[in-house]
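A.B. asks: Dumping the structure here so I can ask a few things about it.
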Amino acid sequence: MSRTAYVNGAYVPTRDALVHINDRGFQFADGVYEGIAVRRCKMVDAGPHLDRLWRSMGELAITPPMGRKALDVVLSEVIRRNRFSDAFLYIQVTRGVAPRDHAFPANDIPATLFVTCKRFDFDKVLQRALAGVTGITQPDNRWGRCDIKSTGLLPNIMAKQSAREAGVFEAVLVDSDGYITEGSSTNIWAVTEDGDIVTRPITDNILGGITRARIKTIAEKLQISIKDAKISVEQAKNAREIFITSATSCTTPITKLDGEKIGDGTVGPVAKRLIDAYFKFTDN
Ligand code: PMP
């Protein structure tokens with residue numbers, strides 16, 4: 001079955017969804033994006049994802065291509081037309097099409113907007129989470145505004161490719177002081193040797209994950225206390241548990257980092273509780 005995408009005002013077969021070669025997203029990565037999981041035809045945390053999209057556009061002075069309510073309608077329509085019950089929605093907004101020039105175009109040009117949808121297998125993600133995954137550390141050599149969900153992802157891609165070539169699942173990015181920032185496309189958490197559950201505070205050098213925020217709310221309800229704190233690579237390797245969060249990994253434990261076992265090398269009790277609670281949340 002051919003998938004349907006939305007591009008600049010039209011619903012079209014994904015294979016026919018095209019943007020102009022002078023699109024600034026194509027030439028400069030002058031654009032932002034969001035990825036939203038869909039569970040049983042319902043978007044998971046749509047509100048916070050759209051808040052973040054609006055924030056990313058605002059930080060880069062990109063004029064939104066439409067209002068939030070209109071975008072919500074487009075997203076629902078893309079889900080409906082693709083007839084997936086569980087899916088992953090990708091939304092991209094770029095500054096638009098203009099002859100190549102580094103500075104913003106002088107005239108107000110319409111932003112480019114497209115939305116694609118693909119099947120997403122929640123059960124597979126759950127099985128993977130319950131088995132745990134492996135990771136390697138990689139230097140974080142990204143720019144200073146990782147809080148903006150920009151399409152400029154080369155360092156993330158290079159790090160993920162290194163992980164792939166090393167036969168592991170995720171690249172854990174490390175800043176020049178030896179502290180973990182985040183994963184190539186995930187936020188990182190640890191249960192320290194002392195039993196504290198920690199994740200890096202949100203500043204300009206990491207993305208404020210929507211799943212990170214949701215896990216915090218869920219943890220509060222379960223009376224699990226979470227601290228915002230930096231985690232050094234050494235602390236991570238001595239931790240009882242490490243796990244990642246994102247819209248597509250939900251909550252997934254890393255049981256081995258750089259070939260070293262985390263804790264006893266199996267999925268720990270804190271991660272297990274949060275995996276269970278997060279999947280219950282998406283099911284409702
Ligand atoms: N950090 C980075 C660099 C990411 O790309 C992502 C995934 N978009 C995340 C964290 C997790 O964010 P979310 O929970 O909103 O998917």
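A.B. asks: Test each condition in (1) without any contact (Cβ under 8 Å) to a residue 40 or more places away in the chain; (2) surrounded by fewer than 17 Cβ atoms within 10 Å (Cβ to Cβ); (3) closer than 26 Å to PHE122 by Cβ for THR14 and report the one that comes out false.
C.D. replies: (1)
A.B. asks: Which of the residues spanning the range 161-185 are more than 16 Å from VAL233 (Cα to Cα) and of a type outside the set (Phe, Trp, Tyr)?
C.D. replies: Within the range 161-185, GLN161, SER162, ALA163, ARG164, GLU165, ALA166, GLY167, VAL168, SER185 meet the criteria.
A.B. asks: Under the condition of being of a type in the set (Lys, Arg) and more than 16 Å from the ligand (Cβ to nearest atom), which residue from the range 225-248 is surrounded by the most Cβ atoms within 10 Å (Cβ to Cβ)? Please lay out each step first, then the result.
C.D. replies: Our first condition is that a residue be of a type in the set (Lys, Arg); within the range 225-248, this holds for 227, 230, 237, 240.
Cutting the leftovers down to more than 16 Å from the ligand (Cβ to nearest atom) gives us 227, 237, 240.
Working: LYS227: 10, LYS237: 15, ARG240: 19.
Across the range 225-248, the extreme among qualifying residues is ARG240.
A.B. asks: Under the condition of being basic (Lys, Arg) and in contact with a strand residue (DSSP E or B) (Cβ under 8 Å, 6 or more places away or on another chain), which residue from the range 9-54 is nearest to ALA70 (Cα to Cα)?
C.D. replies: ARG52
A.B. asks: Has the range 179-186 got any residue that is of a type outside the set (Ser, Thr, Tyr), in contact with a strand residue (DSSP E or B) (Cβ under 8 Å, 6 or more places away or on another chain), within 11 Å of the ligand (Cβ to nearest atom) and in a loop (DSSP other than H, G, I, E, B)?
C.D. replies: Taking every residue of the range 179-186 in turn, none turns out to be of a type outside the set (Ser, Thr, Tyr), in contact with a strand residue (DSSP E or B) (Cβ under 8 Å, 6 or more places away or on another chain), within 11 Å of the ligand (Cβ to nearest atom) and in a loop (DSSP other than H, G, I, E, B).
Listed here are the residues, each with its yes/no results for (1) within 13 Å of the ligand (Cβ to nearest atom); (2) under 17 Å from LEU153 (Cβ atoms); (3) modelled with pLDDT under 95.
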position: SER2; (1), (2), (3): no, no, yes
position: ASN8; (1), (2), (3): no, no, no
position: ASP23; (1), (2), (3): no, yes, no
position: ASP30; (1), (2), (3): no, yes, no
position: ALA37; (1), (2), (3): yes, no, no
position: MET43; (1), (2), (3): yes, no, no
position: GLY47; (1), (2), (3): yes, no, no
position: ARG55; (1), (2), (3): yes, no, no
position: GLY67; (1), (2), (3): no, no, no
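A.B. asks: Related question: Looking at the range 204-247 only, could you name the residues that are assigned to a helix (DSSP H, G or I) and among the β-branched types (Val, Ile, Thr)?
C.D. replies: The answer is ILE210, THR211, ILE215, THR217, ILE218, VAL233.
A.B. asks: With respect to ALA166, determine if the residue is out of contact with any helix residue (DSSP H, G or I) (no Cβ under 7 Å at 6 or more places or on another chain) and on the phi < 0 side of the Ramachandran plot.
C.D. replies: yes
A.B. asks: Output the residues belonging to the range 106-115 that are surrounded by fewer than 19 Cβ atoms within 10 Å (Cβ to Cβ) and over 11 Å from THR63 (Cβ atoms).
C.D. replies: ALA106, ASN107
The values are calculated or read from the model by the stated rules, or taken from the named source; none is laboratory data. The structure displayed is predicted, hence computed values, not measured ones. Backbone-built Cβ (ideal geometry, glycine too); neighbour counts: all protein chains shown.
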